[in-house]
Amino acid sequence: LLTNARYQQLRLNADFQVEVLAGKGWRPAGRFSQGTRDALGLALRLALVDMLSRGRRLPLLVDDALVHIDQQRQLQALRLFKSLAVDHQVVLFSHDDRLGRRAAKEGWNVITLDRQNQGRQENQEETHAGQLHLL
């Protein structure tokens, strides 16, 4: 989902380095663009959360994981987080205002911590209540 189905598998090698199945062989994640590396890292972390939570409903705190990811992947990631919110409380921290607006359109509860905007009226999208939060 986060790589547009371009890369289907990743693994940790014996040195705990991330490798990606690309074409007919495994390649180090470091050979990919920053955005792809970030998407792969996020996918790996989410897989670990799924494996380690063992059915428990743990909160998922994500800090600026979407900074280097293109807009299409950001939207896919927001939708993925929304699906994860069925079993986990998802709190996404970001300094990206565009991501905040995009998240609000996707139904996230957006809380702005910018002191310059304190006291301003929130629009309907920003006040949408839910289990998802963008800080």
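Any chance you could run the full-extension gain for S83 through R6? It's 0.36 nm times the residue separation minus the Cα-Cα distance, nm to one decimal.
Values: separation 77, 0.36 × 77 = 27.72 nm, distance 2.11 nm.
Extra length from S83 to R6 when fully extended: 25.6 nm.
Taking the Cα centre of region 16-104 as origin, sum charge times position over the Cβ atoms of Lys and Arg (+1) and Asp and Glu (-1), and report the length of that vector in debye to the nearest 20.
260 debye
In whole Hz, what ³J(HN,Hα) sequence does region 38-55 give by Karplus (6.51, -1.76, 1.60; θ = phi - 60°), x for Gly and Pro?
5, 5, 5, x, 5, 4, 5, 5, 5, 5, 5, 4, 4, 6, 7, 6, 6, x
Using θ = phi - 60° and the Karplus curve 6.51 cos²θ - 1.76 cosθ + 1.60, what whole-Hz ³J(HN,Hα) does each residue of region 65-82 get, with Gly and Pro shown as x?
6, 10, 4, 9, 8, 5, 4, 5, 5, 4, 4, 4, 5, 4, 5, 5, 4, 4
Can you put T36, T112 in order of Cβ neighbours within 10 angstrom, beginning with the fewest?
Going from least to most buried by this count: T112, T36.
Coordinate-derived values only; no laboratory data. Keep in mind it's a predicted model, so treat the numbers as computed, not measured. FYI the Cβ positions are ideal-geometry reconstructions off the backbone, even for glycines, and counts take in every protein chain you see.
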